[in-house]
1. Which of the residues spanning region 281-337 are acidic (Asp, Glu) and part of a helix (DSSP H, G or I)?
2. Which of the numbered conditions does residue 44 fail, given that it passes all the others? Conditions: (1) in contact with a Gly (Cβ under 8 Å, 6 or more places away or on another chain); (2) assigned to a helix (DSSP H, G or I); (3) of a type outside the set (Val, Ile, Thr); (4) without any contact (Cβ under 8 Å) to a residue 60 or more places away in the chain.
3. Tell me the strands (runs of 3 or more DSSP E) entirely within region 164-280 that contain at least 3 residues that are surrounded by fewer than 20 Cβ atoms within 10 Å (Cβ to Cβ), within 27 Å of the chain's Cα centre (by Cα) and not small (Gly, Ala, Ser).
4. Write out, first by first residue and then by second, each pair whose Cβ atoms fall under 8 Å of each other, whose residues are 6+ apart or on separate chains, and whose first residue, in region 9-24, is more than 17 Å from residue 45 (Cβ to Cβ) while the second is hydroxyl-bearing (Ser, Thr, Tyr).
5. Going through region 337-366 one residue at a time, which ones are over 24 Å from the mean Cα position of the chain (by Cα) and of a type in the set (Val, Ile, Thr)?
6. Can you tell me which residue is surrounded by the most Cβ atoms within 10 Å (Cβ to Cβ) among those in region 90-120 that are small (Gly, Ala, Ser), over 18 Å from the mean Cα position of the chain (by Cα) and assigned to a helix (DSSP H, G or I)?
7. Restricting to region 47-74, give me the number of residues that are surrounded by fewer than 21 Cβ atoms within 10 Å (Cβ to Cβ), within 18 Å of the chain's Cα centre (by Cα) and assigned to a helix (DSSP H, G or I).
8. Does region 122-136 contain any residue that is of a type in the set (A, V, I, L, M), farther than 19 Å from residue 97 by Cβ, part of a helix (DSSP H, G or I) and modelled with pLDDT under 95?
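The values are calculated or read from the model by the stated rules, or taken from the named source; none is laboratory data. A quick note: this is a predicted structure, and the numbers were derived from the prediction, not measured. Here the Cβ positions follow ideal geometry from the backbone for every residue, glycine too, while neighbour counts run over all protein chains shown.
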Amino acid sequence: MPDEWPLTEEQLLVRRAAREFCRREAAPRAAETDRGRFPEETIRAMAGMGLLGLGVPAEYGGGGADAVSAALAMEELAAACPSTSVIWAAHHSLVCEPIARHGTGAQRRARLPALTEGGMLGCFALTEPGAGSDAAALATTAARTEGGWRIQGGKRFITNAREAGLCLLIAATDRAKGHRGISAFLAETDRPGFEVARVEEKMGAGGSSLGELRFEGLELPPDSLLGEEGGGFALAMQALDGGRVQVGAQGVGYARACLEASVAFARERVTFGVPISRHQLVQAKLADMAVAVEAGRLLVLRAARRKAAGEDFTAEAAMAKIFASDAAQRAADEAVQIHGGSGYLRDSPVERYYRAAKAAQIYDGTNEILRLVVAKRLTG
């Protein structure tokens, strides 16, 4: 079906390149990756073709693409391999983009080429055992020292925790100031005092790690501060807005993959002498899935266009993430139902999306919290 808004030639090129990349690299490894194997070859290939740093300015090794192009690429990655899309979402939206936006020239030159061309992954460390949706309740602290900063505390549910070479962490620098006393820092993960304390066993997207980080006397130099002191909360919220656009695109990709698999299966599976695609109850499920894919994509593109134009997109990002991730969960549920017993088996691609889609309703802001964001925009 045609896009509601015309895409530029550059955006179409990115989508075609991402689709071909996924067909060649990501999709063939998706089942193995989901079983817990980190997709090292895929990430290396992403760096080689410029996808790893797609939205980073070209002068720092990135592709210089806009937010619409990034959303289109995310849809393709998610449709091909949920794990790879989760890895890239955290790396690109929550680490690369904030450094490109808020970093000094020296920070950009020192960090971004490694994160784009070099294949180094980043992780974004905000969530704590007592601070998830309530991000201002951080317990992790950053104290000034003669040599820079000392970080003390820990983080939980951190994507790419095991593989990341660079961590963008959020810590309290002045508790008395509330969210205005929160700052952002860049920390190499091989520094003394930086520990991956635990890697979790997840329900889905098994190729992407989710871990617990511990900071015990982590010493950072003065130039590790990203942005202004006290500006970390705003930086994190801005990064998460961008991340929500990408999670929306991810949801569209999940739902689209479920729809495509279900249509193919329904055409082949025969009951009572006809393909099940002829049965009206199955047709209704397929139609609802198609509507959700198209509507979700429009919401994602709307939010991405506002981001690319430099306009406020907080509510639009929340709407896109809510709708598309909820749609992905429903589509995956219906896809398993259409496939019947075969859809319940571990070698079925639709059960892979069934497990992966649930997380999209939780990370980068739960859908319950995001409904409050939308409501606040409506009611003031």
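1. 288, 294, 316, 326, 333, 334
2. (4)
3. It comes to 194-199.
4. Cβ pairs passing all conditions: 10/69; 11/69; 15/69.
5. Passing the criteria: only 338.
6. Our first condition is that a residue be small (Gly, Ala, Ser); within region 90-120, this holds for 90, 93, 100, 103, 105-106, 110, 114, 118-119.
Right, trim to over 18 Å from the mean Cα position of the chain (by Cα) and you get 103, 105-106, 110, 114, 118.
Filter once more, so that each one left must be assigned to a helix (DSSP H, G or I): 105-106, 110, 114.
Working: 105: 8, 106: 9, 110: 15, 114: 18.
That would be 114.
7. Looking only at that region, the number is 1.
8. Scanning region 122-136 turns up at least one residue that is of a type in the set (A, V, I, L, M), farther than 19 Å from residue 97 by Cβ, part of a helix (DSSP H, G or I) and modelled with pLDDT under 95.
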